[in-house]
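**Q** One structure, as structure tokens, below. Some questions next.
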């Protein structure tokens, strides 16, 4: 957190038993992964989401990397994803030698435009990776039909989507695999952490092996083999039980967190609605078939100049607001892959005009009032 701002963009909050659980984890004498708190977190998430298996990971980035390994992505393969996402979504597959195929996003939700996906599929396509931007679900019914028609797996980047739903089903449970983030900027956090949601039972055993450095260590501890050894590729993806202890305390408070964040979102939406009516900004659009996670609140301004002007105005009043992703297709790596700014015009427009407002679990009504007041002041 940048302490030079009276109102930061984000501030992680302690919600309940974080420190008590950490003390218990230390007293257990099991600080590494796959300890008691790891198992409790995984069981909680499996039960809440109805998932076949959940494996805690050191980050959502590593959950995505595990997905690429599980799908046996090879050099020359292609993976379809939006350009408007964090670099990890692409890097996980690029690390295996794949080429990212960037598809533009919808102008309403900033999500992968399902209408453009099928045209991007080639004989080299090996996966489709939708990103649930701001915890608002992609059109998973259409994407599921496309994936099934072409026999392609879906890997959901639900970094911002834990406990969000599309048509009543939890995000992260539609595809063969889903990935979640517990970074300090997320609704639920342990500082750094993530989870791999496995919905295809055929992938569970190999996922355990990959997460345990390519060994069958988990089978050994269950008594299924008399020793464990190297059996596949893998890496060290397991979250420390100390961090899992912190995370469990956060997840146990999920009803309170979700209600509080919904209240913060609604207040921004209600108190800034007049600016949208006046044509000054566009507020988030949440389709009726989506139950969002209230991960963020953003506004779209008419131009990049106005967006940057608002950020500077808020900064002058000790309020930190930020823009979001620089499109991957216009990055240095994207240009080296042959992309130009013209390839994803909606993505470029949204990126230029989007500003995210301060939003965190313990944002006070007084501080939110100050943010809203200064936004109005900028447009007067």
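Each value in this text was obtained by applying a stated rule to the coordinates, not by laboratory testing. Computed from a predicted model, the values in this text were never measured in an experiment. Positions of Cβ are generated from backbone atoms using ideal geometry, with glycine treated the same way; all protein chains shown enter the neighbour counts.
**Q** Taking only DSSP H segments of four or more residues, each worth -39500 (n - 2.57), what value at 222 nm results for the chain once the sum is divided by all its residues, to the nearest 500 deg cm²/dmol?
**A** -11500 deg cm²/dmol
**Q** In terms of the Cα gyration tensor, with a ≥ b ≥ c the square roots of its eigenvalues, is the stretch 254-379 rounded because a/c is under 1.5, prolate because a/b exceeds b/c, or oblate?
**A** Since a/c reaches 1.5 and a/b is larger than b/c, the shape of the stretch 254-379 is classed as prolate.
**Q** Can you order the peptides 152-163, 345-356, 25-36 by their average number of other Cβ atoms within 10 Å per residue, highest first?
**A** Most protected by this proxy first, the peptides run 152-163, 345-356, 25-36.
**Q** Taking the Cα centre of each part, how many Å lie between the stretch 266-294 and the stretch 27-76?
**A** Each part reduced to its Cα centre gives a spacing of 34 Å.
**Q** Take peptides 194-202, 61-69, 268-276 and line them up by average Cβ neighbours within 10 Å, highest first, as a rough protection proxy.
**A** Packing proxy ranking, top to bottom: 61-69, 194-202, 268-276.
**Q** Return the distance in nm (one decimal) between the two label points of a simple spin-label model at residue 229 and residue 44, each offset 7 Å from Cα along Cα→Cβ.
**A** Here the modelled spin labels are 3.9 nm apart.
**Q** Something else now. Once the Cα atoms of helix 18-28 and of the chain are each reduced to a long axis, what angle between those two axes, in degrees from 0 to 90 to the nearest 10, is obtained?
**A** 20 degrees
**Q** Multiply the residue gap between residue 142 and residue 283 by 0.36 nm, knock off their C-alpha separation, and tell me the result in nm, one decimal place.
**A** So the extension gain works out to 48.2 nm.
**Q** Please work out how much length the chain gains when fully extended from residue 342 to residue 32, using 0.36 nm per residue of separation minus the C-alpha to C-alpha distance, in nm with one decimal.
**A** Between residue 342 and residue 32, full extension yields 106.9 nm more.
**Q** Multiplying the sequence separation of residue 317 and residue 335 by 0.36 nm and subtracting their Cα-Cα distance, what value in nm do you get?
**A** 2.8 nm
**Q** Using Cα-Cα distances under 8 Å and only pairs 6 or more residues apart, what relative contact order does the chain have, in percent?
**A** Relative contact order here is 23 percent.
**Q** While we're on this one: Taking the structure as given and computing Cα Rg over 2.2 N^0.38 Å, which label from (i) 1.10; (ii) 1.00; (iii) 0.94 fits?
**A** Label (ii) holds the value from this structure.
**Q** Assuming a ≥ b ≥ c are the square roots of the Cα gyration tensor eigenvalues, decide whether the stretch 1-89 counts as rounded (a/c under 1.5), prolate (otherwise, with a/b larger than b/c) or oblate.
**A** Oblate shape, in that a/c is at least 1.5 and b/c is the bigger or equal ratio.
**Q** Mind pulling the angle between the C-alpha long axis of helix 304-316 and the longest principal axis of the chain? Nearest 10 degrees, somewhere in 0 to 90.
**A** On a 0 to 90 degree scale, this one is about 90.
**Q** Taking Cα atoms, how many degrees apart are the long axis of helix 365-379 and the longest axis of the chain, rounded to 10 and kept between 0 and 90?
**A** 50 degrees
**Q** Now, a different point. Taking other Cβ within 10 Å of each residue's Cβ, how do 239, 15 sort, fewest first?
**A** 15, 239
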